[in-house]
1. Which cross-chain or sequence-distant (5 or more) residues have an amide H under 5 Å from the amide H of Y77, H modelled 1.01 Å from N in plane?
2. Could you tell me the ratio Rg/Rh of the stretch 12-81? Both radii from Cα atoms, Rh via Kirkwood.
3. Among D124, D151, what is the fewest-to-most ranking by other Cβ atoms within 10 Å?
4. Amide H to amide H, which residues 5 or more places from L158 or on other chains are under 5 Å from it, using H placed in the peptide plane?
5. What are the residues whose amide H is under 5 Å from the amide H of F68, where those residues sit 5 or more places off or on another chain and H is modelled from the backbone?
6. Are there GluC sites (Glu not before Pro) in the stretch 1-83 that DSSP marks as loop and that have at most 10 other Cβ atoms within 10 Å, and which are they?
7. How would Y77, Y114, Y133, Y61 line up from fewest to most surrounding beta-carbon atoms within 10 angstrom?
8. Quick one: length gained pulling Q145 to V44 fully straight, 0.36 nm per residue minus the C-alpha distance?
Amino acid sequence: MSDYQFVDGTRLASVIEALIFASPEPVSWNKLSEIVKESEEELVLDKLNIDRIVEQLNERYEQNDLSFRIQETGGGYTFVTQARYHPWLSIYQHENAYRRLSQAAIETLAIVAYRQPITKPEVDSIRGVDSGYMLRQLLEKMLVQVSGRADTTGKPLLYKTTDTFLKHFGLNSVGELPKPREIDEILKDDDMAEHRRLLMERQMELEDEEAKVLFDNGEDEKQLNNE
């Protein structure tokens, strides 16, 4: 069945491969069968046929030592990267996630880092604008967390940095943060520019270290596989 050729010489397996590759979401065997049938009415595919084609495609990827496979997940078929490449991908994804932090988010993170535990009204007061959206972004990225409530009117939530924050910046504790000038002085210096600079420099240093370690580990694994 996988050797079936259309009028133009295109092979069925290549069509299935292209459809799975082009789909942003896992594509079901029913959908694949429907699409193929629109071109070839007499060609009826069931799940067993699709599974065999996918198996043959994966065997080809294996023989050529490619970094990806087709996997059935989420009710359909999709391309996935092999697990052994995840450390390298994590560098790319990790870097992109933090590049998407705006200067306002970095500014808010710096205030929390250097003044924690701190309430939203206190962050707002330091920045001079509402920081609710920025704090939600940092919560979603697990860089800050709620640590309790303050003993003040309204008992506002207290925010502090997380273990993810420490890991990202290569710190054992917030006490290892680079020591800037007193915060009141920094606030007068280009709207927290010094805080941002210190955090961003630390971030870049850590990413360089992580990349080197992961590369060295990959080279060690490659040597073991060749022995």
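Bear in mind that the values in this text are calculations on the coordinates, not laboratory data. Because the structure is predicted, anything quoted here is derived from the model rather than measured. Neighbour counts run over all protein chains shown; Cβ positions are idealised from the backbone, glycine included.
1. HN-HN under 5 Å from Y77: V27, S28.
2. In the stretch 12-81, Rg relative to Rh is 0.96.
3. Numbers: D124 17, D151 7.
Ranked by crowding around the Cβ, least crowded first: D151, D124.
4. Amide H neighbours of L158, under 5 Å, 5+ apart: S147, G148, R149, A150.
5. Result for F68 returns Q82.
6. Of the GluC sites (Glu not before Pro), the ones in loops of the stretch 1-83 whose Cβ has at most 10 other Cβ atoms within 10 Å are E41, E42.
7. Details: Y77 26, Y114 21, Y133 12, Y61 17.
Starting with the residue having the fewest Cβ neighbours, the order is Y133, Y61, Y114, Y77.
8. Gain on stretching Q145 to V44: 31.0 nm.
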